[in-house]
Amino acid sequence: KTAPNLAQYDVRTYEGAYLAGIAAGKLTKTNKLGVVASVPIPEVVRNIDAFTLGARSSNPNITTRVVWTNAWFDPGKEREAATTLIGQGIDVLIQNTDSAAVAQTAQEKGVIAFGWDNDMSSYGPQAQAAASVLNWGDYYNERVGEVLDGTWKSGSIWLGLKDHAIDLKAFNSNVPDEVKKLVEARKKTIIDGSAPIWKGPIKDNTGKEQIPKDTVASDAFLHGVKFYVEGVQGKVPG
């Protein structure tokens, strides 16, 4: 919602999830990936799907399993979810939750994890392969400047890689250079628009076509994503 004195802003977190997926697809040995998820709203489902799309672009054999905590921050549930996924043979984890419990659990269990929102390598120095890192600073500085010079206006904006609002960073030294180069190459095509993430054909995990061939999903479509793409096991909670 917006108002004359209220603007809305967000970051395309799915772009960071997609890049992490590319790396995950190359790093997994079991071809089983896991997501510790928070609340089943379109934003989180979209990130799960993007992670899987990225992983399947580099390794078509992967599958993704999801455990929902139904909370944004609950270290105990996050640890339990991570442990459950690892027990199912999953060797690469990503999260859409806010504590470091997943990175810590991955460190203890000897599997790979990706930091979420910031660099979590201090909690899992051997476990973290890279991190999807948010950068609010550029936007905040710009908007505060507009307030100060009297040019601020309301509105809505969805920032992404091209705005330097998100990036896959803090790569572990044990991640092969070829994986980093693959991520960087794909990043460029997302930024310049030559290869959008959400370009069809994209099917859900029941085989139904959700985005037709050569069609690029609109932001309105992305804001309402409530399906798992091919490769994700299970059903989105109602």
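Name the residues in the range 71-96 that are touching a Lys or Arg at 6+ places or on another chain (Cβ under 8 Å), of a type in the set (S, T, N, Q) and either part of a helix (DSSP H, G or I) or closer than 20 Å to residue 227 by Cα (or both), would you?
Hit for the range 71-96 is 83, nothing else.
So, of the residues in the range 78-109 that are among the β-branched types (Val, Ile, Thr) and in contact (Cβ under 8 Å) with a residue 60 or more places away in the chain, which turns out to be farthest from residue 28 (Cα to Cα)?
Out of the qualifying residues, it is 97.
Right, residue 182: open to solvent by less than 30 Å² (accessible area, probe 1.4 Å) and in contact with a Lys or Arg (Cβ under 8 Å, 6 or more places away or on another chain) or not?
Judged against the criteria, residue 182 is not a match.
Go through (1) surrounded by fewer than 24 Cβ atoms within 10 Å (Cβ to Cβ); (2) of a type in the set (Gly, Ala, Ser); (3) part of a loop (DSSP other than H, G, I, E, B); (4) over 17 Å from the mean Cα position of the chain (by Cα) for residue 124 and report which single condition fails.
With (1) surrounded by fewer than 24 Cβ atoms within 10 Å (Cβ to Cβ); (2) of a type in the set (Gly, Ala, Ser); (3) part of a loop (DSSP other than H, G, I, E, B); (4) over 17 Å from the mean Cα position of the chain (by Cα) applied to residue 124, the lone miss is (1).
Considering each residue of the range 9-26, count those that are hydrophobic (A, V, I, L, M, F, W, C) and either surrounded by fewer than 24 Cβ atoms within 10 Å (Cβ to Cβ) or modelled with pLDDT under 95 (or both), and give that number.
Total meeting the criteria: 1.
Being free of Cβ contacts under 8 Å to residues at least 60 places away in the same chain, more than 18 Å from the chain's Cα centre (by Cα) and open to solvent by less than 40 Å² (accessible area, probe 1.4 Å) narrows it down to one of 150, 137, 193, so name that one.
137
Within the range 214-225, can one find any residue that is in a strand (DSSP E or B), over 22 Å from residue 64 (Cβ atoms) and at pLDDT 95 or above? Please lay out each step first, then the result.
Initially, the range 214-225 is screened for residues in a strand (DSSP E or B), giving 216.
Imposing the further condition that a residue be over 22 Å from residue 64 (Cβ atoms) reduces the set to 216.
Now narrow it down to the ones that are at pLDDT 95 or above: 216.
Yes: one or more hits.
The values are calculated or read from the model by the stated rules, or taken from the named source; none is laboratory data. As the structure is a computational prediction, the values presented were derived from the model and not from experiment. Here Cβ is always computed from backbone atoms with ideal geometry, including for glycine, and neighbour counts include all displayed protein chains. The accessibility values were calculated without ligands, DNA or RNA, using every heavy atom of the protein model including side chains. Shrake-Rupley method; radii C 1.70, N 1.55, O 1.52, S 1.80 Å.
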